[in-house]
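Reviewing the structure listed below.
The values are calculated or read from the model by the stated rules, or taken from the named source; none is laboratory data. The model shown is predicted, which means the values in this text are computed figures rather than measured ones. Cβ placement follows ideal geometry from the backbone for every residue including glycine, while neighbour counts extend to all protein chains displayed.
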Amino acid sequence: MASLSLKGIRKSYGAVEVIKGVDLEIEQGEFIVFVGPSGCGKSTLLRMIAGLERITGGELVIDGQVVNDVPPSKRGIAMVFQSYALYPHMTVYDNMAFGMRIAKESKEEIDRRVRSAAEILQLTPYLDRLPKALSGGQRQRVAIGRAICRDPKVFLFDEPLSNLDAALRVATRIEIAKLNEQMADTTMIYVTHDQVEAMTLADRIVVLSAGRIEQVGPPLELYEHPANLFVAQFIGSPAMNIVKGKIEETGAQTSVRLPGGNSVTVDVATDASEKGKDCHFGVRPEDLTVTTADDFLFEGTVDIAEGLGEVTLLYVSDIREDEPLVVKLPGIVKVDKGQKLRFAAEKAKLHLFDADGKTYRR
Ligand SMILES: Nc1ncnc2c1ncn2[C@@H]1O[C@H](COP(=O)(O)OP(=O)(O)OP(=O)(O)O)[C@@H](O)[C@H]1O
Ligand SMILES: [Mg+2]
């Protein structure tokens, strides 16, 4: 049961600064997800919270107490890693009990906690088995069970599902969502590369890039109102289409000239001083529709059509110089290669960023 506060947290390895001042307030019971490209510092941040990595600068506060110099075992934190590292010669029960035996808990208390964790994670039938007789998903649940037994105030997960195959990932993700409900008072911080895990598990997502926070917010807020180009292209899959445009008219709404020559009115207010400036215009693949009307956004040639069953992805050339425009249409859509199509989108689904990549406020 803990709130966390990160105040100007920094980390350097030698002369290289990898975490460059992170400020973040986490409430008790929140489920926070860290996302960001490989190497942006997610694991480092998590390990500093756990106490496995020294904090170079700033303050880490847990429940009002600065814990920078408090050893890991005294922070009330449990961490689950990608590689579950169970003891191969011990049963599931003994793997889960191990930490408590070291801590000299009573036999009764150990038994109570192991059985309760096994119940939560549906591991009761497997308590007498060795890890080698378990599936990958079951092993990862044992690792989570071992952490639950420690009765942590804060639960840290570093890509716990990335070793599992697709079906097991989904099943274990749902287990973690249930776990979060049952341990409603426990604060959880979860690192993932998986968009679906981030969107479905998080109360709030923290988007990191090169050791800095780009944006923090509930999943759908980040999806609908990204603060900048980085977040716009990081959240959502396939990524938001961005094209260069020029601001033609400013005011309560903004008119933008697109590469194809068409103009579009976007529902964001801009200052008169923005007139004539370069901008970035964004629209998500799933927000584009095929149109025959004259007030289309883009016209281009379909290079590739990928039918995935539930959606059809189109890769369209002649619109962006460097890469195709991506369009995601629901269901099975028959499109010929080389076909010329026009695309439109609702005004409310359009995004506009200034030349530096910052979003214009709505
Ligand atoms: N012990 C270390 N010594 C020097 N540099 C390190 C050390 N550990 C991590 N780094 C560097 O710190 C940066 C952040 O690493 P970190 O492991 O936190 O990234 P990450 O966001 O977890 O990436 P991934 O998604 O690949 O797991 C990287 O550039 C990495 O090379
Ligand atoms: Mg990592």
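Details
- Residues of the range 30-57 classified as within 21 Å of Ser237 (Cβ to Cβ), near ligand 1 (Cβ under 7 Å from one of its atoms) and of a type in the set (Val, Ile, Thr), total: 0
- Annotation: of all residues in the range 184-205 being among the charged types (D, E, K, R) and surrounded by fewer than 22 Cβ atoms within 10 Å (Cβ to Cβ), the one that is nearest to ligand 2 (Cβ to nearest atom) is Asp194.
- Put simply, of Arg173, Arg139, Arg112, Arg129 the only residue that is over 21 Å from Gln82 (Cβ atoms), in contact with a helix residue (DSSP H, G or I) (Cβ under 6 Å, 6 or more places away or on another chain) and either of a type in the set (D, E, K, R) or within 16 Å of ligand 1 (Cβ to nearest atom) (or both) is Arg129.
- Residue in the range 14-23 that is of a type outside the set (D, E, K, R), within 9 Å of ligand 1 (Cβ to nearest atom) and either under 16 Å from Gly217 (Cα atoms) or more than 20 Å from the chain's Cα centre (by Cα) (or both) present: yes
- Hey, Met1 at pLDDT below 95, more than 12 Å from ligand 1 (Cβ to nearest atom) and in a strand (DSSP E or B) or not: no
- Residue match in the range 349-360 (condition: in a helix (DSSP H, G or I), within 23 Å of Glu224 (Cβ to Cβ) and either aliphatic (A, V, I, L, M) or in the same structural domain as Glu274 (by TED's automatic domain parsing) (or both)): yes
- Restricted to the range 6-90, the set of strands (runs of 3 or more DSSP E) holding at least 3 residues that are assigned by TED's automatic domain parsing to the domain that holds Val196 and away from ligand 2 (no atom under 16 Å from the Cβ) comprises 16-26, 57-62.
- With respect to the conditions (1) modelled with pLDDT of 90 or more; (2) touching a Ser or Thr at 6+ places or on another chain (Cβ under 8 Å); (3) under 19 Å from Phe34 (Cα atoms), Asp128 falls short on a single one, namely (3).
- Filter result (modelled with pLDDT of 95 or more and among the aliphatic types (A, V, I, L, M)) within the range 157-209: Met188, Ile189, Val191, Ala198, Met199, Leu201, Ala202, Ile205, Val206, Val207, Leu208
- Of the criteria (1) within 16 Å of ligand 1 (Cβ to nearest atom); (2) closer than 26 Å to Pro88 by Cβ; (3) among the aliphatic types (A, V, I, L, M), which one Leu164 fails: (1)
- The range 305-348: number of residues that are assigned to a loop (DSSP other than H, G, I, E, B), under 22 Å from Asp278 (Cα atoms) and hydrophobic (A, V, I, L, M, F, W, C): 2
- Residue within the range 217-231 that is more than 16 Å from ligand 1 (Cβ to nearest atom), part of a strand (DSSP E or B) and under 20 Å from Arg284 (Cα atoms) present: yes
- Checked against the criterion of being within 28 Å of Tyr360 (Cβ to Cβ), surrounded by fewer than 18 Cβ atoms within 10 Å (Cβ to Cβ) and within 30 Å of the chain's Cα centre (by Cα), the candidates Glu299, Glu306, Glu321 yield just one match: Glu321.
- Looking across the range 132-177, the residues that are of a type in the set (Lys, Arg) and in a helix (DSSP H, G or I) come down to Lys132, Arg139, Arg141, Arg146, Arg169, Arg173.
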